[in-house]
Amino acid sequence: MAQLKEIRSRIASIKNTRQVTSAMKMVSAAKLKKAQDAILQIAPYDHKLHEIVQNLSLGDVEFNSVFFSKPEVKDVLLVVVGANRGLCGGFNTNVARFSLVHARQIHGKQFNAGKVQVISIGRQVEKSLRSNHIDCMANQHDLLNDHHFTTIASFAGQLMKLFSEGSFQRIDIVYNKFKNAAVQELTAEQFLPVPKPENLLEVGTRPDYIFEPTQDEILTTLVPQMLKMRLYRILLDSNAAEQGARMTAMHQATDNATDIIRELQTKYNNARQAAITNEILEITAGAEALKG
């Protein structure tokens with residue numbers, strides 16, 4: 001009977017866990033829908049702004065901007081984007097490991113010389129980075145709390161200042177790019193210097209712009225705005241990927257709990273049947289003894 005009580009207790013406990021994981025799955029699904037809507041709303045503006053800057057930077061006038069310059073890379077900054085919360089599978093662990101691989105493969109010389117610094121966005125990804133022996137020079141976990149453009153743009157301004165002052169000659173952003181609810185693509189995107197396009201449009205198809213004010217003045221205004229919008233889009237992308245990863249993880253946890261409950265129920269029924277059979281045998285043996 002003690003064994004039956006233990007099995008009943010385990011079944012009740014796992015049922016409670018299944019209720020929690022099922023609820024978290026539904027919450028993540030709602031947040032995922034909201035995150036996808038945010039990406040769809042910002043995508044046209046981000047795409048058009050990027051296209052304009054790319055086309056303008058292909059003009060005949062040489063654009064001398066610090067954000068397009070390509071100095072010798074001595075110091076590298078990696079901005080690693082993850083999540084503040086766990087329970088989303090390997091979301092944080094994978095991006096932390098990928099950032100380490102990216103640093104070794106793309107910036108091997110600087111990495112071996114200790115010239116690669118990291119800023120983490122997300123408490124859980126910072127823990128994963130530390131477990132991979134990567135210390136963060138700073139963190140920006142609060143950016144994930146509300147995803148306000150103003151706050152994110154302010155951080156983008158800080159990155160631009162670090163680059164323009166020469167503290168770093170290359171800034172990359174490592175994050176999970178949203179593909180669908182079940183798939184997140186690990187991505188390392190060059191943030192600064194801005195990659196200058198080559199042959200973006202065929203000769204004769206490039207728009208013939210009339211500039212007012214000058215092309216240089218327009219680009220000076222648009223490039224920082226484009227960089228702020230890019231960082232904003234990246235954080236929205238990562239947020240959608242996080243919700244998709246959490247929804248998938250909670251769905252799997254709910255299914256696993258259901259399987260365990262089914263196995264425990266079978267075990268409970270077998271144990272109960274064995275207990276009943278033993279009681280019948282004991283009663284039969286007692287009756288036979290009285291007859292004797």
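The values are calculated or read from the model by the stated rules, or taken from the named source; none is laboratory data. On a predicted model such as this, the values are computed, not experimentally measured, just so you know. Methodologically, a virtual Cβ is constructed for each residue, glycine included, from the backbone with ideal geometry; neighbour enumeration extends over all protein chains shown.
Some values worked out for this structure:
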read-out	value
Helices (runs of 4 or more DSSP H) completely within segment 88-202 that count 2 or more residues being more than 29 Å from Met247 (Cβ to Cβ)	91-106, 108-112, 149-164
Index of the failed condition, Arg170 passing every other in (1) modelled with pLDDT under 95; (2) touching a Phe, Trp or Tyr at 6+ places or on another chain (Cβ under 9 Å); (3) more than 15 Å from Leu231 (Cβ to Cβ)	(1)
Some residue of segment 86-102 being within 28 Å of Val223 (Cβ to Cβ) and among the polar types (S, T, N, Q)	yes
Matching option when the condition is under 23 Å from Val73 (Cα atoms) and either modelled with pLDDT under 95 or assigned by TED's automatic domain parsing to the domain that holds Ser120 (or both), among Leu219, Leu235, Leu192	Leu192
Set Ala103, Ala83: member being crowded, with 16+ Cβ neighbours inside 10 Å, small (Gly, Ala, Ser), modelled with pLDDT of 95 or more and more than 19 Å from Leu231 (Cα to Cα)	Ala103
Residues of segment 48-58 satisfying the condition of being surrounded by 12 or more Cβ atoms within 10 Å (Cβ to Cβ) and either within 22 Å of Leu87 (Cβ to Cβ) or free of Cβ contacts under 8 Å to residues at least 12 places away in the same chain (or both)	Glu51
Boolean, Ala43 is assigned to a helix (DSSP H, G or I) and modelled with pLDDT of 95 or more	no
